[in-house]
1. Residues of the range 47-59 being assigned to a helix (DSSP H, G or I) and either among the acidic types (Asp, Glu) or under 19 Å from ILE112 (Cβ atoms) (or both), which ones?
2. Of the conditions (1) surrounded by fewer than 20 Cβ atoms within 10 Å (Cβ to Cβ); (2) at pLDDT 95 or above, TYR88 satisfies every one except a single condition; which number is it?
3. Among the numbered criteria (1) part of a helix (DSSP H, G or I); (2) farther than 26 Å from GLY52 by Cα, which single criterion is violated by ASP151?
4. Give the residues of the range 51-85 that are exposed (fewer than 15 other Cβ atoms within 10 Å of the Cβ) and within 16 Å of the chain's Cα centre (by Cα), sorted by residue number.
Amino acid sequence: MTNRFDSKWFQANLKNALKMKILISTLCFLIIMFQCMTVAAEDSIPFREDSGLTKAEYLLSAGQFSAALNTADDVLARHPNNADAYTYRGYAYYRLGETAKASKNFKKALIINPTHLGANAYIAKIYLDKGNMARALEQMQVIRMTCGYMDCEELNMLKRNIDKYKRGDLQEEKSNAKK
């Protein structure tokens, strides 16, 4: 018969208790992490499941800017605070040559989401088109802070546009696009 006060019995049970405590702590940690990731995933894509955004993106890439405007309007009727829809609408107006309407939509997107990469990049392009380098550089700083150390296509695009502007190529490109 083993004595409860025997040191071998006590050490063996202590090891098992420590193993059990580590196992329970690890399981609790994993459960909490899983719940946090689920909540973060739900919050990170607020209205992306709206098929209208996917359709608008396709129409913009296909050069069907008027149709993209109508689709973005439909999305905004369902989700009036969707920064992506305002950005797509702004881009469509920009490509149709209506820079005042484009600027208004990009600014609305930035009111909703001040770090929206697309809206910041496109409004910076409008500032460059108007010759306002200082405002374009301000938008570039927002993009830089938002991207952090990641490689951002919006930041790279804006850098290329600023380089073109400095060489005088941007105004030439804009006048050729209208033809």
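1. GLY52, LEU53, ALA56, GLU57
2. With respect to (1) surrounded by fewer than 20 Cβ atoms within 10 Å (Cβ to Cβ); (2) at pLDDT 95 or above, TYR88 is out only on (1).
3. ASP151 satisfies all of (1) part of a helix (DSSP H, G or I); (2) farther than 26 Å from GLY52 by Cα except (1).
4. Matches in the range 51-85: THR54, ASN81.
The values are calculated or read from the model by the stated rules, or taken from the named source; none is laboratory data. Note that this is a predicted model, so its numbers are computed, not measured. Here the Cβ is made from the backbone with ideal geometry for all residues, glycine too, and neighbour counts use every protein chain on show.
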